[in-house]
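First up is the structure itself, then whatever we jot down about it.
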Amino acid sequence: MREVAYKYPGAQPVVVVDVRMSFWSMVFFMVKWALASIPAIIILLVIGWIIVGIVGFFAGVGLSSPPKI
């Protein structure tokens, strides 16, 4: 907290106690929020697939032939 006071002289701490927002405005905001999360999830999945692919490549997963029964 003191570091911020040095960085921004004259700044005052603030506590938000209420946000006035109509019900339908909040519903619309939350729908937009949910829709905006879809591309973020897709990006995280692609990054995860790339990491798993790299780890799998170096670990040699999938390179061996199936066991003979």
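The values are calculated or read from the model by the stated rules, or taken from the named source; none is laboratory data. This is a predicted model, so every value here is computed, not measured. All Cβ positions, even for glycine, are placed from backbone atoms using ideal geometry, and neighbour counts span all protein chains on display.
Taken over segment 7-48, the criterion of being outside any helix (DSSP H, G or I) and either at pLDDT 95 or above or not hydrophobic (A, V, I, L, M, F, W, C) (or both) is satisfied by TYR8, PRO9, GLY10, GLN12, PRO13, ASP18, ARG20, SER22.
With respect to VAL61, determine if the residue is surrounded by 10 or more Cβ atoms within 10 Å (Cβ to Cβ), out of contact with any Asp or Glu (no Cβ under 6 Å at 6 or more places or on another chain) and at pLDDT below 85. Yes, satisfied.
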